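S.K.: After the structure tokens below, expect a handful of questions from me.
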Amino acid sequence: MIKNKKLLIAGNWKMNGFKKNLSVISLLIKYIKLKKLKSSEILICPPNTLIDSFSNLAKRSKLLIGAQDCSENETGAFTGEVSPSMLKDSGAQAVILGHSERREYQEESNKLIHAKAKNSLKNDLLTIVCVGESLIQKKNQNTLRVIGEQLKKSLPDKINPNNLVIAYEPIWAIGSGLIPDNADIYKVHSFISNKLNSRYGNKSKKIKILYGGSVNKKNALSILSIKYVDGALVGGASLKFSDFKAILDFCN
Ligand code: PGA
């Protein structure tokens with residue numbers, strides 16, 4: 001159990017889940033009630049099609065529901081897009097932005113992520129901005145340079161530190177079962193913390209920094225214990241209740 005941290009454990013369901021998966025959410029809500037969480041927060045980000053029904057189930061519980069992307073625009077002729085205010089309207093309280101899968105498959109740039117983050121912060125959504133290096137960038141010892149640039153270009157100047165979260169997700173660790181060693185996670189997280197401090201000053205202390213990439217019940221305690229790690233962004237292990245619960249068991 002991690003006693004002295006206010007952790008945020010976020011589940012990124014990616015393009016997984018149907019209405020029949022409602023039972024996972026019901027189990028999660030029951031578990032959170034029984035566990036009487038004191039300070040940690042739990043968030044599930046399902047596909048947009050499930051936000052409304054999940055948030056209805058989670059209404060009177062401490063479980064937060066969020067989305068995996070949002071538009072940089074408010075409303076209008078943008079086919080296929082969903083704005084932060086529409087996500088809020090369907091019950092979302094949070095959004096993940098700049099995930100490496102979107103940076104890669106949808107060719108999202110830092111500039112676009114910056115505009116999306118600005119819009120979601122303006123709409124008071126808990127805004128999780130993802131950063132992380134590829135394997136080649138790591139091998140070329142460019143990790144900190146890449147992350148420094150992603151932070152500089154993806155984050156808006158005007159922020160509410162209570163609503164901004166950074167997720168460090170090494171691309172090579174996502175879904176691969178590989179994770180950086182603890183010293184490397186510490187190095188990157190303290191680098192991010194320093195960058196946030198020099199940009200936002202005292203406010204930055206409130207910005208949580210999550211680790212993501214192959215987090216599971218076996219490695220979660222060790223990762224969550226690292227200084228500057230304020231939680232986890234969990235993909236695969238958030239889809240099955242028993243796997244996710246085993247990670248949540250470490251929260252207070
Ligand atoms: P993973 O995914 O836990 O399955 O590696 C993490 C993520 O992509 O957010």
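S.K.: I'm trying to understand the selection: among the residues of region 105-137, which are open to solvent by 60 Å² or more (accessible area, probe 1.4 Å), touching a residue at least 12 places away in the same chain (Cβ under 8 Å) and within 16 Å of the ligand (Cβ to nearest atom)?
M.R.: Across region 105-137, the qualifying residue is only LEU135.
S.K.: Specify which of the listed residues (LYS206, LYS245, LYS218) is of a type in the set (Lys, Arg) and within 13 Å of the ligand (Cβ to nearest atom).
M.R.: Only one candidate passes the filter, namely LYS218.
S.K.: Right, here's the next one. Looking at region 159-166, can you tell me whether even one residue there is open to solvent by 30 Å² or more (accessible area, probe 1.4 Å), within 14 Å of the ligand (Cβ to nearest atom) and either without any contact (Cβ under 8 Å) to a residue 60 or more places away in the chain or over 15 Å from the mean Cα position of the chain (by Cα) (or both)?
M.R.: No: region 159-166 contains no residue that is open to solvent by 30 Å² or more (accessible area, probe 1.4 Å), within 14 Å of the ligand (Cβ to nearest atom) and either without any contact (Cβ under 8 Å) to a residue 60 or more places away in the chain or over 15 Å from the mean Cα position of the chain (by Cα) (or both).
S.K.: Among the residues of region 4-20, is any over 27 Å from LYS116 (Cα atoms) and of a type in the set (A, V, I, L, M)?
M.R.: No.
S.K.: So if I check each of LYS218, LYS195, which one is over 15 Å from the mean Cα position of the chain (by Cα), under 21 Å from ARG145 (Cβ atoms) and either surrounded by 14 or more Cβ atoms within 10 Å (Cβ to Cβ) or modelled with pLDDT of 95 or more (or both)?
M.R.: Within the list LYS218, LYS195, the selection yields LYS195.
S.K.: Oh, and also: Of (1) away from the ligand (no atom under 16 Å from the Cβ); (2) open to solvent by 50 Å² or more (accessible area, probe 1.4 Å), MET15 satisfies all except one. Which?
M.R.: MET15 satisfies every listed condition except (1).
S.K.: For ILE185, are the conditions met, namely being in contact with a strand residue (DSSP E or B) (Cβ under 9 Å, 6 or more places away or on another chain), outside any helix (DSSP H, G or I) and within 16 Å of the ligand (Cβ to nearest atom)?
M.R.: no
S.K.: Can you tell which of ILE179, ILE226 is assigned to a loop (DSSP other than H, G, I, E, B), modelled with pLDDT of 95 or more, away from the ligand (no atom under 13 Å from the Cβ) and open to solvent by 10 Å² or more (accessible area, probe 1.4 Å)?
M.R.: Just one listed residue meets the conditions, ILE226.
S.K.: Could you list all residues from region 18-57 that are of a type outside the set (A, V, I, L, M, F, W, C), part of a loop (DSSP other than H, G, I, E, B) and open to solvent by less than 30 Å² (accessible area, probe 1.4 Å)?
M.R.: The answer is SER40, PRO46, PRO47.
S.K.: Just to be sure, is LYS62 in contact with a strand residue (DSSP E or B) (Cβ under 9 Å, 6 or more places away or on another chain) and open to solvent by 60 Å² or more (accessible area, probe 1.4 Å)?
M.R.: Spelling it out, LYS62 is indeed in contact with a strand residue (DSSP E or B) (Cβ under 9 Å, 6 or more places away or on another chain) and open to solvent by 60 Å² or more (accessible area, probe 1.4 Å).
The values are calculated or read from the model by the stated rules, or taken from the named source; none is laboratory data. Computed from a predicted structure; not experimentally measured. Neighbour counts are summed over all protein chains in view; Cβ atoms, including those assigned to glycine, are modelled from backbone coordinates with ideal geometry. We work out accessible area using only protein heavy atoms, side chains counted, and drop any ligands, DNA or RNA first. Shrake-Rupley method; radii C 1.70, N 1.55, O 1.52, S 1.80 Å.
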